[in-house]
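Only one structure is covered here, and it is reproduced in the block below.
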Amino acid sequence: MRTIDWVDGAVELIDQTRLPAECVTLRLHTVDELVEAIRRLAVRGAPALGVAGALGVVLARGDLEAVARLRAARPTAVNLAWGVDRAAAYLAEGQEAVLRAALRIRDDDIAACLAMGERGADLLQGDRLRIMTVCNTGALAAVERGTALGVVQTLHERGRLAEVLALETRPLLQGARLTAWELARMGAPHRLVADSAGPYLLARGGVDAVLIGADRIAANGDTANKIGSYALALGAERAGVPFIVVAPESTIDAATPSGDHIEIEDRGAEEIVSVAGVRVAPEGTKALNPAFDVTPHDLITAIVTDTRVIHP
């Protein structure tokens, strides 16, 4: 099953806001439809956003204003702008050239996720490994297999996975809704963990490695990822547990010198004061809702990409 694809002249993608209750495929014909899907997180995850950006340029049909709207739909994940720019470079050659470029990006992502899974599994030592992860980094975050969860899938296929501890990932519960759904489909043993319990479980010695994805990796190795990643990095450092980032080379942004220069998206109060549309805070309550945090490079054991392993 592919998270996102080009089918008969339109972008088809799984609406991740409907999971796990139902698996619904959206068929999008315009850039505005795709931008709306990106902003409400119907499609999310750095690699998937890169493919969405490239396919969106095909939908734009040479409209540069539409291309610019698409590029700016979410600011933190570098892959969205990367995918848009890669496909837009072919606009002068015509629509067919743009489509070929976008489909190459899709196919390259599939190959990259397979390579990251193999390289990450090779890096980790031991059998019956207990892995902790945050947010969703599986096939739903890419086209197929995924990044950090792609490593988990490879470990599972090799018979080396004991268990995954998946953080629920407040406020939108991507871990509870999406990662648990993918792990169940995979047949991988797993348990769900409250976000705040992650560092404590690391301290107890119940985890062999923490695997996360990335939305942007600065030139010095500082990594922006789903909020909660930094807390896990601190807990892993104290517990002596490897903290490993898994992301394609396209997520490395050489133009951003450090994490201090990464724009962090704030998604507004509604996601904090409500859960699944049910208000849990008093009327008028204000909130801070950073969607990402930045883990400094000195807390990262390794960065696994589709071509190499980096030790910051």
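Considering ARG40, ARG71, the condition of being in contact with a Leu (Cβ under 8 Å, 6 or more places away or on another chain) and over 13 Å from ILE4 (Cβ atoms) is satisfied by ARG71 alone. Only one of the numbered conditions (1) among the aliphatic types (A, V, I, L, M); (2) surrounded by fewer than 20 Cβ atoms within 10 Å (Cβ to Cβ); (3) over 30 Å from GLU157 (Cα atoms) is violated by LEU41, and that is (3).
Residues of region 116-135 being touching a helix residue (DSSP H, G or I) at 6+ places or on another chain (Cβ under 9 Å) and touching a residue at least 40 places away in the same chain (Cβ under 8 Å), which ones? Answer for region 116-135, where residues must be touching a helix residue (DSSP H, G or I) at 6+ places or on another chain (Cβ under 9 Å) and touching a residue at least 40 places away in the same chain (Cβ under 8 Å): MET116, ARG119, GLY120, LEU123, LEU124, LEU129, ILE131, MET132, THR133, VAL134, CYS135.
Could you say whether any residue in region 80-87 is surrounded by fewer than 18 Cβ atoms within 10 Å (Cβ to Cβ), without any contact (Cβ under 8 Å) to a residue 40 or more places away in the chain and not assigned by TED's automatic domain parsing to the domain that holds GLY138? Among the residues of region 80-87, at least one is surrounded by fewer than 18 Cβ atoms within 10 Å (Cβ to Cβ), without any contact (Cβ under 8 Å) to a residue 40 or more places away in the chain and not assigned by TED's automatic domain parsing to the domain that holds GLY138, which makes the answer yes. For beta carbons closer than 7 Å, sequence separation of 6+ or different chains, a first residue in region 1-28 that is assigned by TED's automatic domain parsing to the domain that holds ARG100 and a second that is surrounded by fewer than 16 Cβ atoms within 10 Å (Cβ to Cβ) and in a helix (DSSP H, G or I), the qualifying pairs are VAL24/ARG18. A Cβ distance below 7 Å, combined with a sequence gap of six or more or placement on separate chains, defines the contacts here; from region 280-308, residues that are more than 28 Å from ALA219 (Cβ to Cβ) and in the same structural domain as ALA121 (by TED's automatic domain parsing) reach residues that are of a type in the set (S, T, N, Q) and surrounded by fewer than 18 Cβ atoms within 10 Å (Cβ to Cβ) in the pairs VAL280/SER274.
Yes or no: ARG130 more than 16 Å from the chain's Cα centre (by Cα), crowded, with 18+ Cβ neighbours inside 10 Å and closer than 19 Å to ILE252 by Cβ? When the stated conditions are applied, ARG130 does not pass them.
Looking only at residues of region 216-229 that are charged (D, E, K, R) and farther than 20 Å from ILE131 by Cβ, we find that the one that is nearest to the chain's Cα centre (by Cα) is ARG216.
The values are calculated or read from the model by the stated rules, or taken from the named source; none is laboratory data. This one's a predicted model, so the numbers in the text were calculated from it and none came from an experiment. Virtual Cβ from ideal backbone geometry, glycine too; neighbours counted across all protein chains shown.
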